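First, the structure itself, so that you have it in front of you.
Each reported figure results from applying straightforward, stated rules to the coordinates on display, with no laboratory input. Keep in mind it's a predicted model, so treat the numbers as computed, not measured. Virtual Cβ from ideal backbone geometry, glycine too; neighbours counted across all protein chains shown.
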Amino acid sequence: MTEHLNWVMEWSGAREEWRPVPSWALVAWLIFYVSFLVYAFRMNGGFLFIDFANLVVHEGGHPLFGWFGPTLGLWGGTILQLLVPLLLAGHFFRERHTAAFVFCTFFFFENWLYIATYMADARAMALPLVTTGDSDFVEHDWNAIFSSLGILPYDTAIATVVRVVGWGGMLACVGWLAARIKTERHP
């Protein structure tokens, strides 16, 4: 077992040092992230400017995963929406690019806010919907998913948990980046 774990550690680059980032750049990134967190907090679950990009990726996931059947096609929007920043974060983790890793990880977690808003709307279905297919057949993903799982009455409770995970992940990214300032100054 330890042999496999060692292989994963070597392959992932987890034992390598992070590439240095100048302190001024770390501070600039922290200002950006804190500003974005304030903006997201003030929007209180509303549509954020970055969600335009998230929406495009989400909608692209439906036809992409739809090749594997209607269930994956339905879930495909959310899957791709999370997979894109997660895979990019994994790449930058392996390459040990501090700023790029944090950026992708931060926006991976920001996607959870967008998903939570969509989940919380599963019963109300008040949000305007977008489709890549026939405009006469627009389906609310999370209404269909929660209904098929028999958990539609819990849409807002599930959305709250997802939102907390998103905020926690974004705050953890900012905290980790802030800790890098000390590491960069004292190697």
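What number do you get for segment 29-185 when its Cα radius of gyration is normalised by 2.2 N^0.38 Å, N = residues?
Details: Rg = 16.7 Å, N = 157, 2.2 N^0.38 = 15.0 Å.
Compared with the compact-globule rule of thumb, segment 29-185 sits at 1.11.
Sort Met170, Met9, Met125 so the one with the fewest other Cβ atoms within 10 Å of its own Cβ comes first. Show your work: numbers first, answer last.
Working: Met170 22, Met9 13, Met125 10.
Ranked by crowding around the Cβ, least crowded first: Met125, Met9, Met170.
I would also like to ask the following. Taking the chain as a Gaussian network, where each spring joins two C-alpha atoms under 10 Å apart, which residue of Val174, Val84, Val138 fluctuates the most?
Val138
If you take the beta carbon distance between Leu72 and Val27 as r and set R0 to 41 Å, what does 1/(1 + (r/R0)^6) give as a FRET efficiency, to the nearest 0.05?
Numbers: r = 43 Å, r/R0 = 1.05.
Efficiency, from the Cβ-Cβ distance: 0.45.
Please label the shape of segment 129-180 as rounded, prolate or oblate, based on the square roots a ≥ b ≥ c of the eigenvalues of the alpha-carbon gyration tensor (a/c under 1.5 means rounded; beyond that, a/b larger than b/c means prolate, else oblate). Show your work: numbers first, answer last.
Numbers: a/c = 5.14, a/b = 1.92, b/c = 2.68.
In terms of gyration-tensor shape, oblate.
Could you give the dipole magnitude of the chain about its Cα centre, charging the beta-carbon of Lys and Arg +1 and that of Asp and Glu -1, in debye to the nearest 20?
The dipole of the chain has a size of about 800 debye.
Rounded to the nearest 500 deg cm²/dmol, what is the calculated helix-only ellipticity per residue at 222 nm for the chain, with -39500 (n - 2.57) per DSSP H run of length n ≥ 4? Mind dumping the intermediate values first?
Details: 7 runs with 137 residues, N = 187.
So the calculated ellipticity at 222 nm is -25000 deg cm²/dmol.
Computed over the Cα atoms of segment 62-145, what is the ratio Rg over Rh, Rh following Kirkwood? Working shown, then result.
Values: Rg = 15.1 Å, Rh = 14.2 Å.
That ratio equals 1.06.
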